[in-house]
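Report on one structure; see the data block that follows.
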Amino acid sequence: QKEVEQNSGPLSVPEGAIASLNCTYSDRGSQSFFWYRQYSGKSPELIMSIYSNGDKEDGRFTAQLNKASQYVSLLIRDSQPSDSATYLCAVNNYGQNFVFGPGTRLSVLP
Amino acid sequence: DTEVTQTPKHLVMGMTNKKSLKCEQHMGHRAMYWYKQKAKKPPELMFVYSYEKLSINESVPSRFSPECPNSSLLNLHLHALQPEDSALYLCASSQESVQGYSGELFFGEGSRLTVL
């Protein structure tokens, strides 16, 4: 059974702080990794994809991948109340098989 | 603006009704997906079409019937549903995998279904 795990939260951070979201996966053959943001009642929105070990930065977001440790993380710098949402980690080992984690609920406090 | 559009946004139906959910994408993607999402749960894969052919059916009950008329359109036909089928139904599309790396998955806004 291929699994993706995340802390369900809620993770609470003050406005302006760094939020750190973590994800582990069980399938060592996984090659493609994604972070989605989902506001309550809305559909998931792609934030970032990462395919290689190391860091990938896009604005206030940084994704980090460590395939040896089977670990993906998302850092959100200068967190804003508008970042309050559920963050879904998704992993793909090939083709159309995307496996989603349960999501981490982030709350950014003004 | 999302490039995957779904209609209707909201649907209420009785257990004896027949209805359809529709999805259209204009990104040139050749894979299209139906997901079901219940509150506070991650999206759950139902069906995948690749190059207009059904490639994955996650043992979905036959009261859900997918159809892919062409590479841009995806339908989900609903018949004799149960109240527990009430959920957010998400359509998504992605590019083909390249050298083992999958394309990004893009979701539509979803169709919220309530079965009475």
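Every number here is computed from the coordinates shown, using simple stated rules; none is lab data. Keep in mind that this is a model prediction, so the values were computed, not measured. Cβ sites come from the backbone with ideal geometry, for glycine too, and all protein chains shown count toward neighbours.
Note on chain B: with a GNM built from Cα contacts shorter than 10 Å, the maximum mean-square fluctuation among B:100, B:28, B:14 falls on B:100. Computed on the Cα trace of chain A, the radius of gyration divided by the Kirkwood hydrodynamic radius gives Rg/Rh = 0.95. Sorting the segments A:25-38, B:48-61, A:82-95 by their mean number of nearby beta carbons within 10 angstrom, highest to lowest, gives A:82-95, A:25-38, B:48-61.
Distance between Cα centroids, segment B:61-116 to segment A:9-24: provide it in whole Å. What the calculation gives is 31 Å, centre to centre. Each Cα pair under 8 Å and six or more residues apart adds its sequence gap; the mean of these over the residue count of chain B is a relative contact order of 36 percent. Would segment B:1-75 count as rounded, prolate or oblate if I go by the C-alpha gyration tensor, calling it rounded below 1.5 in a/c and otherwise prolate when a/b exceeds b/c, oblate otherwise? Since a/c stays below 1.5, the shape of segment B:1-75 is classed as rounded. For residue A:26 and residue A:58, what does the FRET efficiency come to when R0 = 22 Å and r is the distance between their Cβ atoms, rounded to the nearest 0.05? E(calc), rounded to 0.05, equals 0.25.
First check a/c for segment A:22-64, with a ≥ b ≥ c the square roots of the eigenvalues of its C-alpha gyration tensor; if it is under 1.5, answer rounded, and if not, answer prolate when a/b is larger than b/c or oblate otherwise. Oblate, because a/c is 1.5 or more while a/b does not exceed b/c.
Projection of the Cα convex hull of the protein assembly as shown, averaged over all directions and equal to a quarter of that hull's surface, yields 12.4 nm². Over segment B:64-116, the fraction of Cα-Cα pairs per 10 Å bin, rounded to whole percents and listed from the shortest bin up, is 20, 42, 28, 10, 1.
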